[in-house]
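Heads up, the thing below is written out as structure tokens.
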Amino acid sequence: MNIKDFKRSEFECRCCGKNNINIDFLEKLQLARTYAGIPFVVISGCRCDKHNKEVGGKHTSDHLTGEGADIRVINSTERFAVLDSAIAAGFRRIGIGRGFIHLGNAKHNPQAVAWIY
């Protein structure tokens with residue numbers, strides 16, 4: 001699949017640059033982005049253990065394995081577009097925050113779950 005709407009650098013850990021982005025996750029994210037028809041701004045991608053702890057992430061976080069990202073949403077229309085397209089693309093781990101949607105693909109974590117922050 002062509003990953004045309006994302007740069008690898010968008011997924012780097014904010015503190016150290018770690019980037020272990022998973023290609024299956026990235027392909028699914030691209031599919032969701034294509035379905036949504038709006039830009040997906042990555043506000044958190046890959047994380048090292050230290051950064052994950054600093055932001056309160058769980059020790060099983062999708063971010064640690066390169067299988068999760070938080071996508072910025074600025075209004076209810078964007079929130080719906082991201083949610084709708086994520087479900088259509090096959091995401092089964094979705095977290096809903098006030099200003100972002102977490103999309104996760106890590107198989108070691110529970111599936112068919114949605115949570116709020």
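The values are calculated or read from the model by the stated rules, or taken from the named source; none is laboratory data. Quick caveat: nothing in here was measured; it's all calculated off a predicted structure. Please note: Cβ atoms are built from the backbone with ideal geometry, for glycine as well, and neighbour counts cover all protein chains shown.
One table, with the values for the structure above:
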read-out	value
Pairs, first over 9 Å from SER85 (Cα atoms) in the range 30-45, second part of a loop (DSSP other than H, G, I, E, B), C-beta under 6 Å, six or more apart	GLN30/ILE3
Number of positions in the range 1-57 that are of a type in the set (Ser, Thr, Tyr) and over 24 Å from ASN75 (Cα atoms)	1
Candidate set from the range 7-36 (those that are under 12 Å from the mean Cα position of the chain (by Cα) and assigned to a loop (DSSP other than H, G, I, E, B)); member that is farthest from VAL55 (Cα to Cα)	ASN22
Strands (runs of 3 or more DSSP E) contained in the range 54-117 and holding at least 3 residues modelled with pLDDT of 95 or more, surrounded by 13 or more Cβ atoms within 10 Å (Cβ to Cβ) and in contact with a helix residue (DSSP H, G or I) (Cβ under 8 Å, 6 or more places away or on another chain)	68-72, 93-96, 100-104
Some residue of the range 21-44 being in contact with a Cys (Cβ under 6 Å, 6 or more places away or on another chain) and of a type in the set (D, E, K, R)	no
